[in-house]
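Asker: Take this structure first; my questions come after.
The values are calculated or read from the model by the stated rules, or taken from the named source; none is laboratory data. Treat the numbers as computed from the prediction; the structure is a model and nothing was measured. Heads up, the Cβs are rebuilt from the backbone with ideal geometry, glycines too, and the neighbour counts pull from every protein chain shown.
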Amino acid sequence: MSENNILVQVENLKKHFPIIGGMMGRQIGAVKAVDGISFDIQESETLGMVGESGCGKSTAGRAILQLHKPTAGQVFFKDQDLTQMSGEDVRQLRPKIQMIFQDPYATLNPRHSVRKIIGEPLIIHGMMKKGSPELKDRVAELLELVGMDPAYMRRFPHEFSGGQRQRIGIARALSLNPDFIVCDEPISALDVSIQAQVVNLMQDLQDQLGIAYLFIAHDLSMVKHISHRIAVMYLGKIMELTERNTLFDNPLHPYTQSLNSAVPIPDPKLEQNRKRFILKGDPPSPANPPSGCVFHTRCPLTVKKCIKVKPEFREMHPGHFVACHLADEKGGSKISKQTILASEMS
Ligand SMILES: Nc1ncnc2c1ncn2[C@@H]1O[C@H](COP(=O)(O)OP(=O)(O)O)[C@@H](O)[C@H]1O
Ligand SMILES: [Mg+2]
């Protein structure tokens with residue numbers, strides 16, 4: 001990974017969906033799906049993004065790519081602010097910024113051959129002609145790149161397993177030589193045994209082609225191996241963002257600590273002593289987020305300030321960002337054995 005070559009920069013990005021109601025069909029509120037997130041992604045870097053279902057990960061991915069028009073904030077791609085560009089200008093950039101999805105079956109047209117599916121973006125963007133030998137060669141090359149037999153190009157999506165379909169989805173996203181791919185839970189629907197294969201493939205492709213990924217998942221174990229850095233989201237906000245190892249070894253936010261405690265440790269001895277901290281209840285609704293720190297209703301460490309004052313997302317150590325009032329104090333944001341016991345009693 002090259003240092004300090006920022007490819008994507010997200011500044012205070014928000015996406016609020018209006019809630020329409022009443023007799024007059026007026027806007028009566030908003031779902032604050034993404035509520036002011038900031039981070040950057042370097043060239044050839046993988047930024048993992050994790051958080052429970054509904055916390056705004058997909059909306060963030062789509063808003064970054066301008067598939068949802070952001071409510072506020074900026075998204076720079078190589079110094080160009082995508083939020084200020086016309087639809088046509090974003091379309092021109094589309095080859096460089098791609099997306100892959102959780103369920104490739106839902107996004108691969110069942111009536112199209114693999115050849116058509118993978119070749120289509122090249123035709124749409126006017127790079128190759130339909131039926132041309134170059135197009136066929138390129139599709140064969142892309143299939144090989146994702147570890148599939150080029151002869152498969154005559155087949156149809158239903159003839160493949162989930163893992164193979166995800167490879168086809170990846171080949172399609174790669175067809176235009178992107179610099180950046182938003183990967184929205186690309187392994188969540190796959191068998192555990194297949195997940196590692198797809199992650200390895202994506203890592204190999206990154207090494208070969210220098211692509212940057214925003215890699216979205218709902219639990220830490222899925223982003224652990226592929227991410228250089230990890231952002232933890234809760235209710236539309238980033239709670240913590242830091243290097244992968246720091247996030248696992250020294251998580252400062254109580255929410256990260258709870259997610260972390262759910263990840264099994266391969267070493268049986270360590271696994272036996274693993275402290276588990278299971279959060280109670282479901283996250284609150286993003287249409288009516290809690291005051292102060294949005295995590296305060298589920299946090300075992302909540303003090304008065306957390307209920308009243310929004311914590312800033314600030315850099316506690318170089319490159320280690322956290323939004324928690326208690327992180328200021330030494331060990332103040334750490335969940336201890338006592339905290340776990342106390343919360344189990346209550
Ligand atoms: N098109 C939409 N219109 C209204 N609300 C939406 C829309 N898309 C997502 N939401 C809401 O935004 C919140 C975040 O959703 P999403 O980004 O899909 O979360 P995640 O990907 O983390 O599961 C949820 O409350 C969801 O119901
Ligand atoms: Mg999602």
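Asker: Working carefully through the options Ile118, Ile187, find the one that is surrounded by 16 or more Cβ atoms within 10 Å (Cβ to Cβ) and assigned to a helix (DSSP H, G or I).
Answerer: Matching residue, one of Ile118, Ile187: Ile118.
Asker: Out of all the residues in segment 167-182, which are in contact with a Leu (Cβ under 7 Å, 6 or more places away or on another chain) and within 16 Å of ligand 2 (Cβ to nearest atom)?
Answerer: Answer for segment 167-182, where residues must be in contact with a Leu (Cβ under 7 Å, 6 or more places away or on another chain) and within 16 Å of ligand 2 (Cβ to nearest atom): Gly169, Val182.
Asker: Condition first: assigned to a loop (DSSP other than H, G, I, E, B), surrounded by fewer than 18 Cβ atoms within 10 Å (Cβ to Cβ) and of a type in the set (Asp, Glu). Now tell me which residues in segment 1-55 satisfy that.
Answerer: Glu3, Glu52 - these are the residues of segment 1-55 that are assigned to a loop (DSSP other than H, G, I, E, B), surrounded by fewer than 18 Cβ atoms within 10 Å (Cβ to Cβ) and of a type in the set (Asp, Glu).
Asker: Does segment 102-111 include one or more residues that are hydrophobic (A, V, I, L, M, F, W, C) and either modelled with pLDDT of 95 or more or within 19 Å of Leu209 (Cβ to Cβ) (or both)?
Answerer: Checking segment 102-111: not a single residue is hydrophobic (A, V, I, L, M, F, W, C) and either modelled with pLDDT of 95 or more or within 19 Å of Leu209 (Cβ to Cβ) (or both).
Asker: Is it true that some residue in segment 92-99 is touching a helix residue (DSSP H, G or I) at 6+ places or on another chain (Cβ under 6 Å), outside any loop (DSSP other than H, G, I, E, B) and buried (at least 17 other Cβ atoms within 10 Å of the Cβ)?
Answerer: Within segment 92-99, one or more residues are touching a helix residue (DSSP H, G or I) at 6+ places or on another chain (Cβ under 6 Å), outside any loop (DSSP other than H, G, I, E, B) and buried (at least 17 other Cβ atoms within 10 Å of the Cβ).
Asker: Which residue out of Leu143, Leu176 is surrounded by 21 or more Cβ atoms within 10 Å (Cβ to Cβ), of a type in the set (A, V, I, L, M) and either in a helix (DSSP H, G or I) or at pLDDT 95 or above (or both)?
Answerer: The match here is Leu143.
Asker: Does Thr59 satisfy the condition of being β-branched (Val, Ile, Thr), outside any strand (DSSP E or B) and within 16 Å of ligand 2 (Cβ to nearest atom)?
Answerer: yes
Asker: With the condition kept exactly as written, say whether any residue in segment 216-233 is more than 28 Å from Asp282 (Cα to Cα), in contact with a His (Cβ under 8 Å, 6 or more places away or on another chain) and away from ligand 2 (no atom under 16 Å from the Cβ).
Answerer: For segment 216-233, residues more than 28 Å from Asp282 (Cα to Cα), in contact with a His (Cβ under 8 Å, 6 or more places away or on another chain) and away from ligand 2 (no atom under 16 Å from the Cβ): absent.
Asker: Determine which single condition Ser44 fails, assuming it passes every other condition in (1) in contact with a helix residue (DSSP H, G or I) (Cβ under 8 Å, 6 or more places away or on another chain); (2) more than 11 Å from Met233 (Cβ to Cβ); (3) within 16 Å of ligand 2 (Cβ to nearest atom).
Answerer: Unmet for Ser44, out of (1) in contact with a helix residue (DSSP H, G or I) (Cβ under 8 Å, 6 or more places away or on another chain); (2) more than 11 Å from Met233 (Cβ to Cβ); (3) within 16 Å of ligand 2 (Cβ to nearest atom): (3).
Asker: What do you reckon, is Leu201 away from ligand 2 (no atom under 16 Å from the Cβ), of a type outside the set (D, E, K, R) and part of a strand (DSSP E or B)?
Answerer: The answer is no for Leu201.
Asker: If you check every pair at least six apart or on different chains, which have Cβ atoms under 7 Å apart with a residue in segment 56-82 that is within 13 Å of Phe180 (Cβ to Cβ) first and a residue that is part of a loop (DSSP other than H, G, I, E, B) and away from ligand 1 (no atom under 11 Å from the Cβ) second?
Answerer: Pairs that qualify, where the first residue is within 13 Å of Phe180 (Cβ to Cβ) and the partner is part of a loop (DSSP other than H, G, I, E, B) and away from ligand 1 (no atom under 11 Å from the Cβ), are Leu82/Gln66.
Asker: Look at Ser258 and say whether it is away from ligand 2 (no atom under 16 Å from the Cβ) and touching a Ser or Thr at 6+ places or on another chain (Cβ under 7 Å).
Answerer: It is false that Ser258 is away from ligand 2 (no atom under 16 Å from the Cβ) and touching a Ser or Thr at 6+ places or on another chain (Cβ under 7 Å).
Asker: Taking the stated definitions as given, is Gln102 touching a residue at least 60 places away in the same chain (Cβ under 8 Å), within 29 Å of the chain's Cα centre (by Cα) and assigned to a loop (DSSP other than H, G, I, E, B)?
Answerer: yes
Asker: Next up: Taking segment 215-251 only, how many residues are among the acidic types (Asp, Glu) and within 15 Å of ligand 1 (Cβ to nearest atom)?
Answerer: 1
Asker: Looking only at segment 299-317, count every residue that is over 14 Å from Ile238 (Cα atoms), at pLDDT 95 or above and assigned to a loop (DSSP other than H, G, I, E, B) and tell me the total.
Answerer: Qualifying residue count for the region: 1.
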